[in-house]
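Here the structure comes first, spelled out in structure tokens, and everything after it is commentary.
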Amino acid sequence: MHPAVYKVGLQYLSGDIWGGNARCIAMFQAFKEAIKDYSTPPEKTLIRDLTARISSYVSFLIECRPLSNSMGNAIKFLKNRIAKLPLVLSESEAKATLMSDVDRFINEKIIIAEKVIVKHAVTKIRDGDVLLTYGASSVVEMILLHAHELGKQFRVVVVDSRPKLEGQLLLRRLVRKGLSCTYTHVNAVSCIMQEVTRVFLGASSVLSNGTVYSRVGTACVAMVAHAFRVPVLVCCEAYKFHERVQLDSICFNELGNPEAISKVHGREDINYLDGFVNQEKLQLLNLVYDATPSDYISMIITDYGMIPPTSVPVIVREYRREHLWS
Amino acid sequence: MWWRSASFILDGQQHQNDGVAPNPESALLSSPSMADSALNPKSNVSAYYQTRAAHHAVITSDWLAQAQAATDDGDSLGSEAQIGGKGEGSGKAFSVIDEFNNWRKQPDLAEAVAAIRALAAAIRKSEATTMMELEIELKKASDSLKSWDATSISLTAGCDLFMRYVTRTSALEYEDFNSAKSRLIERAEKFGEISCKARRIIAMLSQDFIFDGCTILVHGFSRVVLEVMKTAAENKKLFRVLCTKGRPDRTGLRFSNELAKLDVPVKLLIDSAVAYTMDEVDMVFFGADGVVESGGIINMMGTFQIALVAHSMNKPVYVAAESYKFARHYLLNQKDMAPALRPIDFGVPIPSKVEVETSGRDYTPPQYLTLLFTDLGVPTPSVISDELIQLYL
């Protein structure tokens, strides 16, 4: 086990690194270190041994925290590149090629993709808008900051929820840059939705039938927005698209720590569930993700442009083709 | 044909105060297009609707005022026009617009098709010697056409699609310039022909959907829908048409005129009577000014209302649109697009404190549309984005 991979795994476990893009980039940096220090053992070929090594790292990371869809796609890309290495390359050349491929992937599919998404999304923000966002998505944060830099006059409503309270981090960064923000809890979303003109959401992944797989609570916000006829814009890089189809939130999900929902940190007086945690008949369900049906989504903004949710399979088809040929 | 109203006087005074000097290069009535292009930069009125009005000879009051002012002006711009016509090497953009206006004068030709023909002519007449230069010239010509009327979706879409279609051949870099240029011209002509024939193809595809004894509701004067009706009448189908009156352009009256010539039973309704008559309607037909990426359409004001009523009463809504109208806009709601203002004559003077909603078009979201008839087939609205992705990526 390479120390860099071990470190990243522990960071996932403790929750120091979270968010689709951050996890993917950290994983790739760790893999780059591992590839740099790698040397082919005697009697083995680089391609097969390295693939087996990477697979063992991946199983370790899964033990720490289940993979997100974006990480799954990224690993498929890496294995594909390893398998396509020409046999004539020497070990150092092969390693250098792999590392530059990984750098290219991070650059094109994550960093530049975010910039393209921001460029498209700010055209949909007008002066006088009230924008609502849920949780903390890195892309949505970049969009809001960029629109503010361009001088557009708008207000932001940040909706947050327990147990992660991720919205507070986003809120801090926005207020520091001078945006006027409102902070509220997801229980109040139907009250606040009357004033909202646009909803911007991030996504962990978008599935082939247009369903958006994102932090738990996103589906509620999208549904309420739909009921109030507020357009919902989901911002997601194309490498996070997946061929899977999911109809509800239960069939594929991740379970978080049940203690997190039974205890409220710092409020000892309302810890009514103290001592109840190990009961047989009580199941504390802390779901991490949920699935938002495509009817509630007005538009998906990707690095390929603004598309309706029904066009996701077209992008999956085109993207796979490009990624297999490159 | 001449619509006199009290506001004619008010409008006439207002526009003469603006001090517009149109170019009277020929007699008033034969070149409404030149007057329109002069009018365009001064008032906010969309040139697209002015052209439609001009083709169908609805003389609006401010056009009359312009025409009057034109007779008083000398032929100061006559010589200018001559110079512009001679200098082909110098004013390239000018001659594209000229060509465009020449094509546009035929009332049967859609604006985007005229633009496509003009761009094809621009390639043919170009004096460039390298591929790069030719592409740059073409881009400039296309930009000048688009800026001529920034509110027309089909014009922008048509120019963009032409550029993509024509420059898409990958083998262009490897051939010598002349054969590459002739290939470009070939593709351009082909695109022009496809666009011209688009209406016939749409008319043929839609015949299956018009059955004997059906009642069709139409809104707005769409030449494509007219073609569909003509073909159906030629195929001896028995159907009747309900036409909305389509204020303020009186499009319904003109459409019903055309249909009456074909011996198709027509009934005119006022715009507010649509919900009342929706029970007896079997299907609704619209044309489109533009089809956007979400699959929705931009069409004359009133389309969204009718689509909503039809949807709530479970009547199918069909849209007939040529494929060059597919645009890369994505609209979230009505106000998301650049407004195309249209002069609305209420027939009585409006008090100065009262605002008038002068937008000429609205956006109908895709969930209210059943099928789109295009020259590429009969898809549901969600396929538009697929087509655009395949073309642009």
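Within the range B:212-226, the presence of a residue that is more than 20 Å from residue B:281 (Cβ to Cβ) and free of Cβ contacts under 8 Å to residues at least 12 places away in the same chain is excluded.
Only a single item in (1) more than 14 Å from every other protein chain (Cβ to nearest Cβ); (2) closer than 14 Å to residue B:292 by Cβ; (3) touching a Leu at 6+ places or on another chain (Cβ under 9 Å) is not met by residue B:378, and it is number (2).
Of the strands (runs of 3 or more DSSP E) entirely within the range B:205-295, none holds at least 2 residues that are of a type outside the set (S, T, N, Q) and at pLDDT below 90. Among the residues that make up the range B:337-345, is at least one of them surrounded by fewer than 22 Cβ atoms within 10 Å (Cβ to Cβ) and within 13 Å of chain A (Cβ to nearest Cβ)? Taking every residue of the range B:337-345 in turn, at least one turns out to be surrounded by fewer than 22 Cβ atoms within 10 Å (Cβ to Cβ) and within 13 Å of chain A (Cβ to nearest Cβ). Whenever a residue of the range A:42-56 is outside the structural domain of residue A:31 (by the TED database), it has no partner that is outside any helix (DSSP H, G or I) and of a type in the set (Gly, Ala, Ser) lying with C-beta atoms less than 7 angstrom away and at least six residues away or across chains.
Residues in the range A:8-53 that are over 15 Å from the mean Cα position of the chain (by Cα), among the basic types (Lys, Arg) and surrounded by 13 or more Cβ atoms within 10 Å (Cβ to Cβ): A:32, A:36, A:53.
Among the residues in the range A:219-235, are any within 13 Å of the chain's Cα centre (by Cα), touching a residue at least 24 places away in the same chain (Cβ under 8 Å), away from chain B (no Cβ under 14 Å) and surrounded by 20 or more Cβ atoms within 10 Å (Cβ to Cβ)? No, there is no match, as no residue in the range A:219-235 is within 13 Å of the chain's Cα centre (by Cα), touching a residue at least 24 places away in the same chain (Cβ under 8 Å), away from chain B (no Cβ under 14 Å) and surrounded by 20 or more Cβ atoms within 10 Å (Cβ to Cβ).
Scanning the range B:314-329 for any residue that is free of Cβ contacts under 8 Å to residues at least 40 places away in the same chain, within 28 Å of residue B:346 (Cβ to Cβ) and away from chain A (no Cβ under 14 Å) turns up nothing. Among helices (runs of 4 or more DSSP H) entirely within the range A:76-183, having at least 3 residues that are over 21 Å from the mean Cα position of the chain (by Cα) singles out A:91-105, A:138-149. Only a single criterion out of (1) under 19 Å from the mean Cα position of the chain (by Cα); (2) away from every other protein chain (no Cβ under 14 Å) is not satisfied by residue B:310, namely (1).
In the range B:298-307, the qualifying residues are those that are away from chain A (no Cβ under 14 Å) and touching a residue at least 60 places away in the same chain (Cβ under 8 Å), and the one that is farthest from residue B:267 (Cα to Cα) is B:298. Within the range B:281-296, the set of residues being more than 13 Å from the chain's Cα centre (by Cα) and within 14 Å of chain A (Cβ to nearest Cβ) comprises B:292, B:293, B:294, B:295, B:296.
The values are calculated or read from the model by the stated rules, or taken from the named source; none is laboratory data. These numbers come from a predicted model, not from an experiment. So basically every Cβ, Gly included, is an ideal-geometry build from the backbone, and we count neighbours across all protein chains shown.
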